[in-house]
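Reviewing the structure listed below.
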Amino acid sequence: MTRPDPDGFEHDFDRLAEFLTSKDLTPLPISLILPASPFGTKNADRWTTSSAHHLVRTPFTGGRKIAFKTANQYTDPLAMFLATWGGTGRILWAPGTIGILGAVPLYLLLRQHGEKSLLVGLLVLTILGIWAAHAAVRILGQAAPSEVVVDEVAGFLLAMLWVPFDWFWVVLGFVCFRLFDRVKPWPIVWLEQRLPGGWGVMADDLAAGICSAFVLKILVDLTA
């Protein structure tokens, strides 16, 4: 049996210490497998499944400020484009609000072809949104990145399922959904805190969309 080279381990840890004490944020490829993730050590395996491992400095809470980031040069840019809804989530001022506004053109496009078209679009966006949000959580190193607004887009589409195709209801749906998204009553906040990765990012806004849809449906029935 070949014994591990102690000098090799010492060299690896020297590089690790040098990186952690430096201000260089460039990912450092290493061969060490450290159990660090934004969701605790029990979920660290999902951060170390790729052959490309990097040690990065990230603003995690409740643990060390290091985590592994798996990189895919082909799908990661696409995932970030979708997660930030074409970059609207990177706007510094109220990215969530801007994200919902960015959902309005998609709603108008889908809704003019009927409710079934809106429902199909919502299902497709939800599936892709979970994938994109999960990738964004890994790339940005945050459990709930503010740049990710695809969840707001999906939640707004869900909120608008049962309302008439009219600008009055678009504005009212925007206000209603934004209210639930900001206040986050139970179980919306519970879903955000309990579900990991892209599931948690998407679930709380979809729950806000469901709550908004019921409120809007009641208002539609009252005004009919």
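Of note:
- Condition met for Ala159 (crowded, with 19+ Cβ neighbours inside 10 Å, under 25 Å from Trp93 (Cβ atoms) and touching a residue at least 60 places away in the same chain (Cβ under 8 Å)): no
- Residue satisfying condition, being surrounded by 13 or more Cβ atoms within 10 Å (Cβ to Cβ), at pLDDT below 50 and not hydroxyl-bearing (Ser, Thr, Tyr), within set Gly121, Gly63: Gly63
- Residue within the stretch 160-175 that is under 19 Å from the mean Cα position of the chain (by Cα) and under 15 Å from Leu123 (Cα atoms) present: no
- Screening Asp151 on (1) part of a loop (DSSP other than H, G, I, E, B); (2) crowded, with 22+ Cβ neighbours inside 10 Å shows it passes everything except condition (1).
- Cβ pairs under 9 Å, 6+ apart, first in the stretch 73-93 and more than 10 Å from Val150 (Cα to Cα) and buried (at least 20 other Cβ atoms within 10 Å of the Cβ), second modelled with pLDDT under 90 and among the polar types (S, T, N, Q): Ala79/Asn72
- Selection from the stretch 167-224 of residues that are among the aromatic types (Phe, Trp, Tyr) and not in a helix (DSSP H, G or I): Trp186
- Some residue of the stretch 134-144 being in contact with a Gly (Cβ under 6 Å, 6 or more places away or on another chain) and either over 18 Å from Arg111 (Cα atoms) or at pLDDT below 90 (or both): yes
The values are calculated or read from the model by the stated rules, or taken from the named source; none is laboratory data. What you see is a predicted model, and the numbers here were worked out from it, not measured in a lab. FYI the Cβ positions are ideal-geometry reconstructions off the backbone, even for glycines, and counts take in every protein chain you see.
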